[in-house]
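As structure tokens, the structure follows; a few thoughts come after it.
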Amino acid sequence: MREVRRRIWSTEERLRIVRETLEPGAIVQVVAKRHGVSTGQLYTWRKQMLATAMAGFVPVEVVPEAPQLPPPGLAQPPDSGAAPGVIEIALPSGTSIRITGCADAATLRIVLAGMGGR
């Protein structure tokens, strides 16, 4: 009797194949056959990736932009010439967070805590 060997797929390979199934007009069975994967395995990967994506999801509320005032204690003197900075955090998932203006350590802690420390 011949031993059946299981292929070990890297996370990148799984993601690439799952993304292929999400393209408009893609047929899961055709994609699975092309890559030598069962449709059941492919649906399992999709479910796992959705669960992983949802675990990092933080609900947000989009509101009209209010006039930006510097936080108390961080106002810069009018003739300092310093421009407000930008902090951008790029996550492995492709999501990015951008904080413009003056942000103190407490604000950053709140943002990062809301993301679960990711």
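The values are calculated or read from the model by the stated rules, or taken from the named source; none is laboratory data. Everything numeric here is computed off the predicted structure, so don't read it as measured data. Reconstructed Cβ throughout: ideal geometry from the backbone, glycine too, with neighbour counts over all protein chains shown.
Is it the case that residue 34 is exposed (fewer than 12 other Cβ atoms within 10 Å of the Cβ), outside the structural domain of residue 22 (by TED's automatic domain parsing) and either assigned to a helix (DSSP H, G or I) or at pLDDT 70 or above (or both)? Spelling it out, it is not the case that residue 34 is exposed (fewer than 12 other Cβ atoms within 10 Å of the Cβ), outside the structural domain of residue 22 (by TED's automatic domain parsing) and either assigned to a helix (DSSP H, G or I) or at pLDDT 70 or above (or both).
Do we have any residue at all in the range 42-62 that's among the β-branched types (Val, Ile, Thr) and modelled with pLDDT of 90 or more? Yes, the range 42-62 has at least one match. Among the conditions (1) modelled with pLDDT under 60; (2) in contact with a Lys or Arg (Cβ under 9 Å, 6 or more places away or on another chain), residue 82 misses just one, which is (2).
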